[in-house]
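Report on the following structure.
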Amino acid sequence: MDINGISAIVTGGGSGLGAATARLLAQRGAKVVVVDMQDDKGEAIAKETGGVFVHANVADTDEVIAAVEAAKEMAPLRGLVNAAGIGWATRTIGRDGEYSSAHDLDVYRKVIEVNLIGTFNCIRLAATAMSQNEPLDDNERGAIVNVTSVAAFDGQIGQAAYSSSKGGVVGMTLPVARDLSASGIRLNTIAPGLIDTPIYGEGEGSEAFKAKLGESVLFPRRLGRADEFASLAVELLGNSYMNAEVIRIDGGIRMPPK
């Protein structure tokens, strides 16, 4: 599928993996809708890439529909990259044996709502619009890339909520790809490992911490770069024979328990 001339939605597009993907899509000729909850960052990336910004909670139906409609106004919506997500780290039970110190159930629900339900919400609404496109070669109408994490497979201590949400994204990949095949829409999922994004902070202390983390990577012994993720995401959108696959991009790392 030719990226040039399509419109594409990138959730979490205001920073990190999403921002890098939005930039590369724009370089390849796509009109990009940057979806984020952080208005300042989202607007900045939209301005930089010549796209538009839509403030949206990915789990909110009306807000996601607004993003889909904004994309359709620019060009046929044929691409979606679900990069929005949140993290959390809390052990399942506390050390004092009190029920009150067990993992907060509302926090667990929130992580599932954003990372899993939000991903599916964007899929179902964007794919509905894609299904009305004129078909391209092979009767293709669009492509979707989800973002999970190596935590879906190598979840560490304290990652019960995060790993559950990301494992759900892995689990939906094949059945949703099968559902969407009837409409000529492909779906793949990327599982990033340790990627250098703003989550690690800035400054000397941050750089030292990232260097230490990089030592645990098989090869190359460093954190991944957001542009390396973006390259894979755009390839999955454009390569019409890639479908229903989950791909790790992690330098060969297998996460230890902690």
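The values are calculated or read from the model by the stated rules, or taken from the named source; none is laboratory data. Note that the structure is predicted; figures quoted are calculated from it, not measured. As a convention, Cβ positions derive from the backbone with ideal geometry for all residues, glycine included, and neighbour counts pool all protein chains shown.
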Near pairs, Cβ below 8 angstrom, 6+ apart or cross-chain, from region 138-152 (assigned to a helix (DSSP H, G or I)) to any residue that is at pLDDT 95 or above and among the aliphatic types (A, V, I, L, M): A152/V169; A152/V170; A152/A191
Qualifying residue in region 164-180 (condition: of a type in the set (V, I, T), at pLDDT 95 or above and not in a helix (DSSP H, G or I)): no
Some residue of region 72-80 being in contact (Cβ under 8 Å) with a residue 60 or more places away in the chain, farther than 28 Å from D2 by Cβ, part of a helix (DSSP H, G or I) and in contact with a helix residue (DSSP H, G or I) (Cβ under 7 Å, 6 or more places away or on another chain): no
Criterion: part of a loop (DSSP other than H, G, I, E, B) and at pLDDT below 95 - qualifying residue of E134, E207, E202: E202
Those residues of region 225-240 which are in contact (Cβ under 8 Å) with a residue 40 or more places away in the chain and either assigned to a helix (DSSP H, G or I) or among the hydrophobic types (A, V, I, L, M, F, W, C) (or both), in sequence order: A226, D227, F229, A230, S231, L232, A233, V234, L236, L237, G238
Filter result (surrounded by fewer than 21 Cβ atoms within 10 Å (Cβ to Cβ) and either under 20 Å from V150 (Cβ atoms) or of a type in the set (V, I, T) (or both)) within region 73-90: I86, G87, W88, A89, T90
Evaluation of S100 against (1) surrounded by 22 or more Cβ atoms within 10 Å (Cβ to Cβ); (2) out of contact with any strand residue (DSSP E or B) (no Cβ under 9 Å at 6 or more places or on another chain); (3) not hydrophobic (A, V, I, L, M, F, W, C) (one fails), failing number: (1)
Residue in region 162-178 that is touching a helix residue (DSSP H, G or I) at 6+ places or on another chain (Cβ under 8 Å) and over 17 Å from V246 (Cβ atoms) present: no
Qualifying residue in region 88-96 (condition: at pLDDT 95 or above, touching a helix residue (DSSP H, G or I) at 6+ places or on another chain (Cβ under 6 Å) and over 16 Å from A152 (Cα atoms)): yes
Matching residues, region 14-52, being more than 21 Å from G118 (Cβ to Cβ), in a helix (DSSP H, G or I) and either in contact with a strand residue (DSSP E or B) (Cβ under 9 Å, 6 or more places away or on another chain) or of a type in the set (K, R) (or both): R23, A26, A44, K47, T49
